[in-house]
């Protein structure tokens, strides 16, 4: 099954000589390489668009969720993962919505944890279900957890999530540590006038519990009002933190887009994910699969390849070929800078996968 390139991209001069031909040894060797020479080794797989929170930067207050028939089954999600691993993917992140609200989710996770060749099975969660899932996740082979935490204030937490309970998330973080998870990372979406006065307290919270923390610039996904007033850059956040912590740049890489800083005598890493101020596309090694089976080679573009028809009517060879063909529509990069109030991508983050 072939997919046409939806729009052309000019090749950067530094990579101008790279032109892999379709069907060459690049893919026969079990790897995925796009037209700019970047190896895709990391897949973010959404297994549901549903969530038990309604975070203001992620979704509308009144969401219409997908009917079950349009969502990949757990068996289909497993087939997608197996095919990607067969093409050289070594890191798989399960996302949602909130992945742990998916019925029978442990059936899938246990099988993913046993996949030969998958070195790094990780999960992003809002933490609401971790108090009961942390131990089974660890036993199933999940290596690391990312937990969303934007505030330490209970009332502000409810305002941001609309319906969430901060105490439940704190219990989930504690359960993850008790289950033996290490290098657990907190993800904090930065919002000026909302939680920027808490950045120092959030870092101290992470230090006290032996956690990492990443601060994320708000992304213009979905039609959400007010982003231009709440946006805060990584540089501004770093300036705030530098008044309280001796932050030193690190060349560590967790396999994702975060750039890390260290503090002497402390194991906590402070990361910044900066899609606006420090475009990280030149080294992009990942693609996203939505809960309805859409393969998005880039978070900041609308081009996608629909895998669901292939999953339900095609062969394994068709699925493998479709994934390889998707490398042809992976652009060199995105540009979020001028999209705050007029987003190019109108789907909500919860629909794409966190």
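The values are calculated or read from the model by the stated rules, or taken from the named source; none is laboratory data. None of the values given here were measured: they were computed from a predicted structure. Cβ sites come from the backbone with ideal geometry, for glycine too, and all protein chains shown count toward neighbours.
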Selection from the stretch 124-159 of residues that are under 19 Å from the mean Cα position of the chain (by Cα) and part of a helix (DSSP H, G or I) | 130, 137
Report whether or not residue 332 is modelled with pLDDT of 75 or more and more than 29 Å from residue 65 (Cα to Cα).
-> no
Of the residues in the stretch 102-112, those that are surrounded by fewer than 18 Cβ atoms within 10 Å (Cβ to Cβ) and within 20 Å of the chain's Cα centre (by Cα) come to 106
Select from the stretch 309-325 the residues that are within 18 Å of residue 66 (Cβ to Cβ) and surrounded by fewer than 20 Cβ atoms within 10 Å (Cβ to Cβ) and list them in ascending order.
-> 309, 312
Report the residue count in the stretch 305-317 for those that are under 17 Å from residue 84 (Cβ atoms) and either without any contact (Cβ under 8 Å) to a residue 24 or more places away in the chain or assigned to a strand (DSSP E or B) (or both).
-> 4
At least 3 residues that are under 30 Å from residue 132 (Cα atoms) in each: list the helices (runs of 4 or more DSSP H) lying fully within the stretch 160-253 that qualify.
-> 166-178, 199-209
Restricting the search to the stretch 113-127, which residues are in contact (Cβ under 8 Å) with a residue 60 or more places away in the chain, under 25 Å from residue 54 (Cα atoms) and surrounded by fewer than 24 Cβ atoms within 10 Å (Cβ to Cβ)?
-> 124
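Residues checked against (1) at pLDDT below 90; (2) exposed (fewer than 13 other Cβ atoms within 10 Å of the Cβ); (3) on the phi > 0 side of the Ramachandran plot:
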| residue | (1), (2), (3) |
| --- | --- |
| 6 | yes, no, no |
| 10 | yes, yes, no |
| 18 | yes, no, no |
| 28 | yes, yes, no |
| 42 | no, no, no |
| 53 | no, no, no |
| 62 | yes, yes, no |
| 75 | no, yes, no |
Condition broken by residue 96, with the remaining ones in (1) modelled with pLDDT of 95 or more; (2) crowded, with 23+ Cβ neighbours inside 10 Å satisfied | (1)
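Please indicate, with yes or no, whether at least one residue in the stretch 132-155 is modelled with pLDDT under 95 and buried (at least 18 other Cβ atoms within 10 Å of the Cβ).
No, that holds for no residue.
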